[in-house]
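Down below is the structure, laid out as structure tokens.
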Amino acid sequence: MQKRDILSLNLEELTEAVTALGQPKYRAGQIYRWLHVKKVSDFSEMLDLPAVLRAQLDVEFCLKRLFIARRLESCMDNTVKYLYRLSDGQHVETVLMSYQHGWRLCISTQVGCKMGCQFCASTIAGYVRNLTPAEMLLQIDETERDAGVTISGIVLMGIGEPLDNYENVIRFLELLSDPKGRQMSLRHVTLSTCGIVPKIRELADSVTGLTLAVSLHNPTDAGRNAIMPVNRRYPLSELMEACRYYFSVTGRRVTYEYAVMQGENDSEADAKALADLLKGQQVHVNLIPVNSVKERSYHATRKAAQAFMQRLERHGVHATVRRTLGSDIEAACGQLRHEADRKRE
């Protein structure tokens, strides 16, 4: 019999499972608090439960762990990059970042990625599978244990496309924000997508408070088709319509992520095209000097990103250049996993 992943269950499902074992309903609440408030890593730690029940839980359910395969700490700032090994031997990456308002964690949502963006290391090693809600939560739990900090904000911008793992991501958000559990406001959560249009609309209708970040990276269909295959399925006209819908339903301003690639998407014409594309929207453009990847030729300096920011501002677009964190430890997603997979092969 395959054991159920108990950390991925919501309170209603857990209550149903516990009563099926002949236990009273209130036991589910106790177990839920141990899992999501005290964040224990073993059933034996649930000390207010009878020993018989703890043994039953161990038979019926699994309580997974992540294991640190590599840990890189920046000498330049407080950024820490983790390569976590999953229970099946696969790897994902998680990045801990320090800000004035607290600690933020960039987590992965898939092992690998299907999207095929040409500048991204996450897609090089290929897609393997989706992460479960528990595996997303465990990236938070294991990082807090190791670093001795409390995470105050989450960014779903690591390996994988969150909206390609929609159901599991929605369950993760439910568990993360549950008032009876972890209690993190979704206003402290950012979800980054390359632009899966139907799921953006579905997200707008089902989740409140979340910040949506759309990876744009080029202001024309021709340019975006060349570097982001998703644009061939959902062109910019459809993507912009979905983003306007998201704002109209949620009232939350959409952030556009734009990886500046020198000589590719940072000209005056590109700035004008981007301003025309975003005209009429309440948006913020977050400029990122593209991360250098060994297998790719794209590059950019912070100075180039700042120059493009000035071009955008002349066209009336508010933009900032993202603070560079962990540049000395290759904090861009996908690089450690790709290296680990090559060594394993």
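The values are calculated or read from the model by the stated rules, or taken from the named source; none is laboratory data. From a predicted model like this one, the values you see are computed outputs, not experimental measurements. All Cβ positions, glycine included, derive from the backbone under ideal geometry; neighbour counts span all protein chains shown.
Values for this structure:
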quantity	calculated
Residue in the stretch 96-113 that is assigned by TED's automatic domain parsing to the domain that holds Asn168, among the aliphatic types (A, V, I, L, M), free of Cβ contacts under 8 Å to residues at least 60 places away in the same chain and part of a loop (DSSP other than H, G, I, E, B) present	no
Any hit, the stretch 140-147, residues being within 24 Å of Leu11 (Cα to Cα) and small (Gly, Ala, Ser)	no
Candidates Tyr32, Tyr84, Tyr99 - the one that is buried (at least 17 other Cβ atoms within 10 Å of the Cβ) and either under 23 Å from the mean Cα position of the chain (by Cα) or β-branched (Val, Ile, Thr) (or both)	Tyr84
Among the candidates Ile159, Ile170, residue that is out of contact with any helix residue (DSSP H, G or I) (no Cβ under 6 Å at 6 or more places or on another chain) and among the aliphatic types (A, V, I, L, M)	Ile170
Test: residue in the stretch 55-66 that is surrounded by fewer than 21 Cβ atoms within 10 Å (Cβ to Cβ), in a helix (DSSP H, G or I), at pLDDT 95 or above and of a type in the set (A, V, I, L, M, F, W, C)	yes
Residues that are more than 9 Å from Leu66 (Cα to Cα) and of a type in the set (Ser, Thr, Tyr), drawn from the stretch 77-94	Thr79, Tyr82, Thr94
Any hit, the stretch 297-304, residues being closer than 29 Å to Glu202 by Cβ and either assigned by TED's automatic domain parsing to the domain that holds Arg224 or more than 26 Å from the chain's Cα centre (by Cα) (or both)	no
The stretch 248-286: number of residues that are touching a Ser or Thr at 6+ places or on another chain (Cβ under 7 Å) and of a type in the set (Lys, Arg)	1
Single residue of the stretch 124-147 satisfying the filter (touching a Gly at 6+ places or on another chain (Cβ under 9 Å) and not in a helix (DSSP H, G or I)) that is nearest to Arg4 (Cα to Cα)	Leu131
Subset tally (residues that are within 24 Å of Asn10 (Cβ to Cβ) and not polar (S, T, N, Q)) for the stretch 56-77	10
Close pairs (8 angstrom Cβ cut-off, 6 or more residues apart or separate chains): in the same structural domain as Thr211 (by TED's automatic domain parsing) in the stretch 239-250, in a helix (DSSP H, G or I) and of a type in the set (D, E, K, R) anywhere	Ala242/Arg201; Tyr245/Arg201; Tyr246/Arg201; Val249/Asp205
Verdict on Asp276 being surrounded by fewer than 18 Cβ atoms within 10 Å (Cβ to Cβ), more than 25 Å from the chain's Cα centre (by Cα), of a type outside the set (Gly, Ala, Ser) and part of a helix (DSSP H, G or I)	yes
Residue in the stretch 95-112 that is closer than 25 Å to Ala147 by Cβ and basic (Lys, Arg) present	yes
Qualifying residue in the stretch 117-128 (condition: of a type in the set (Ser, Thr, Tyr), modelled with pLDDT of 95 or more and crowded, with 21+ Cβ neighbours inside 10 Å)	no
Exclusive hit being touching a Cys at 6+ places or on another chain (Cβ under 8 Å), farther than 24 Å from Arg232 by Cβ and acidic (Asp, Glu), set Glu142, Glu73, Glu93	Glu93
Filtered residue count, the stretch 248-273, keeping only those that are more than 17 Å from Cys194 (Cα to Cα) and within 21 Å of the chain's Cα centre (by Cα)	2
Single residue of the stretch 148-180 satisfying the filter (over 22 Å from Ile6 (Cα atoms) and charged (D, E, K, R)) that is surrounded by the most Cβ atoms within 10 Å (Cβ to Cβ)	Glu161
Members of the stretch 1-28 found to be surrounded by 15 or more Cβ atoms within 10 Å (Cβ to Cβ) and either under 19 Å from Ala134 (Cβ atoms) or assigned by TED's automatic domain parsing to the domain that holds Gly181 (or both), listed by number	Asp5, Ile6, Leu7, Ser8, Leu9, Asn10, Leu11, Leu14, Thr15, Ala17, Val18, Ala28
Criterion violated by Glu93 - all others in (1) within 18 Å of Arg182 (Cα to Cα); (2) of a type in the set (Asp, Glu); (3) surrounded by 23 or more Cβ atoms within 10 Å (Cβ to Cβ) satisfied	(1)
